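Input: a single structure, listed below in structure tokens.
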Amino acid sequence: MDKIIVQCDPDLKDLIPGYINNRNKDVIVMRECLDISDFAKIRTIGHSMKGSGGGYGFDTITDLGEKIENAALADDTDKIDQVIQELEFYISRVEVVYS
């Protein structure tokens, strides 16, 4: 599959792997929360992603975080599941270029 190239600030080089790893952990937690209908926790994670993505150069994560937050506010399990899948797809294909 094709990689998704993201340009990031070289000053963030040491932080980016941890940031991406934490998004993988978010996927796991959100799936667990979805199983028990913990929409408040899902909303919090989405809100955090919305606030942090752009700061690291990942505007797509910001957009997906907003979608997750809004879907959690609406208790929309189908939409949450769809956006989690989009996040997984994105994370699995993102390749960071520092420039």
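Structure notes:
- Residues in the range 39-95 that are under 23 Å from LYS3 (Cβ atoms) and of a type in the set (A, V, I, L, M): MET49, ILE61, LEU64, VAL83, ILE84, LEU87, ILE91, VAL94.
- When ASP2 is tested against (1) out of contact with any helix residue (DSSP H, G or I) (no Cβ under 8 Å at 6 or more places or on another chain); (2) at pLDDT below 95, only condition (1) is not met.
- The single condition among (1) acidic (Asp, Glu); (2) surrounded by 12 or more Cβ atoms within 10 Å (Cβ to Cβ); (3) touching a residue at least 40 places away in the same chain (Cβ under 8 Å) that ASP2 does not satisfy is (2).
- Residue pairs whose Cβ atoms lie under 6 Å apart, separated by 6 or more positions or on different chains, with the first residue in the range 25-50 and within 12 Å of ILE80 (Cβ to Cβ) and the second surrounded by fewer than 17 Cβ atoms within 10 Å (Cβ to Cβ) and of a type outside the set (A, V, I, L, M), are VAL27/GLU88; CYS33/LYS41; PHE39/ASP75.
- Among (1) touching a His at 6+ places or on another chain (Cβ under 9 Å); (2) outside any helix (DSSP H, G or I); (3) among the hydrophobic types (A, V, I, L, M, F, W, C), the one test that ILE68 misses: (2)
- Qualifying positions in the range 13-24 - surrounded by 12 or more Cβ atoms within 10 Å (Cβ to Cβ) and in contact (Cβ under 8 Å) with a residue 60 or more places away in the chain: ILE16, ILE20, ARG23, ASN24
- Residue match in the range 81-99 (condition: of a type in the set (S, T, N, Q) and at pLDDT below 95): yes
- Qualifying residue in the range 45-59 (condition: farther than 23 Å from ASP9 by Cα, assigned to a helix (DSSP H, G or I), hydrophobic (A, V, I, L, M, F, W, C) and touching a helix residue (DSSP H, G or I) at 6+ places or on another chain (Cβ under 7 Å)): yes
The values are calculated or read from the model by the stated rules, or taken from the named source; none is laboratory data. On a predicted model such as this, the values are computed, not experimentally measured, just so you know. Reconstructed Cβ throughout: ideal geometry from the backbone, glycine too, with neighbour counts over all protein chains shown.
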